[in-house]
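Chemist: Sharing a structure with you now.
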Amino acid sequence: MANQEKTAAVAEITERFQGSSAAVLTEYRGLTMSQLTQLRRSLGSDTTYAVVKNTLTKRAAAEAGFPVPDELLTGPTAIAFIKGDPVEAARGLRDFSRTNPLLVIKGGVLEGKSLSPAEVRQLADVEPREVLLAKLAGAMNGSLAKAAGLFQAPLSQVARLAAALQEKVGERAEGAAPTTDTTDTADSATE
């Protein structure tokens, strides 16, 4: 590979690292082209899967500030560059590797932190974003309903107390003799 081609390849890989929120490194030895195509489809639209040269990837990762451990860059390597939800891509890789044991997940990088193969599998087990958001919304809705009930309880108690006081005043007014106010008549006579 000519020096100019290497520079262009490093620049392309660097750009992919910079545009990604996560990356998962795999070994693809023994997979056919149709299997690789099937894998690319299973990763989702926000993930690109590329076969890379280890030495160029090491340079590109350093330039992009993406901490890829050297032990992940051995043997034939392909990287899933993840722009969107890393859970979806990790799930796609995990599911594909279950049916195609020739795909080996070496590890990955998520938000600047290196991930082991076991951590990538744990990431794949996280529920989808929509499910987590629905659970959060349900919990918040339940808390709001509880809060509304707590705020409403004192108001209803005050309303019942006011009604009872009004009823009590009404009972006293019916039982008492009418009184005349002498201050009003005295004031009107002086005017």
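Chemist: Using label points projected 7 Å from each Cα along Cα→Cβ, tell me how many nm separate Arg29 and Glu130, to one decimal.
Modeler: 3.9
Chemist: Shifting gears a bit: If the chain between Ala8 and Thr48 were fully stretched, how many nm would it gain, using 0.36 nm times the residue separation less the Cα-Cα distance? All intermediate terms of the calculation are to be shown ahead of the outcome.
Modeler: Values: separation 40, 0.36 × 40 = 14.40 nm, distance 1.81 nm.
The span from Ala8 to Thr48 would gain 12.6 nm if fully extended.
Chemist: Give the lysines whose C-alpha is closer than 22 Å to that of Lys106, dropping any in the same chain fewer than 8 places away, or say none.
Modeler: Lys53, Lys58, Lys83
Chemist: Multiplying the sequence separation of Leu161 and Thr37 by 0.36 nm and subtracting their Cα-Cα distance, what value in nm do you get?
Modeler: Answer, rounded to one decimal: 37.3 nm.
Chemist: Follow-up question, since we're still on this one. When N counts the residues of segment 59-123, how does its alpha-carbon radius of gyration compare numerically with 2.2 N^0.38 Å, as a ratio?
Modeler: Dividing the Cα radius of gyration by 2.2 N^0.38 Å gives 1.10.
Chemist: Once you have the Cα-Cα distance between Asp95 and Ser21, take 0.36 nm times their residue separation minus that, and quote the gain in nm to one decimal.
Modeler: Additional length available on full extension: 24.6 nm.
We did not get these values from a lab; they are worked out from the coordinates using the rules stated. These numbers were taken from a predicted model, which means no experiment stands behind them. When we count neighbours, we look across all protein chains shown, and the Cβ atoms used for this are built from the backbone with ideal geometry, even at glycine.
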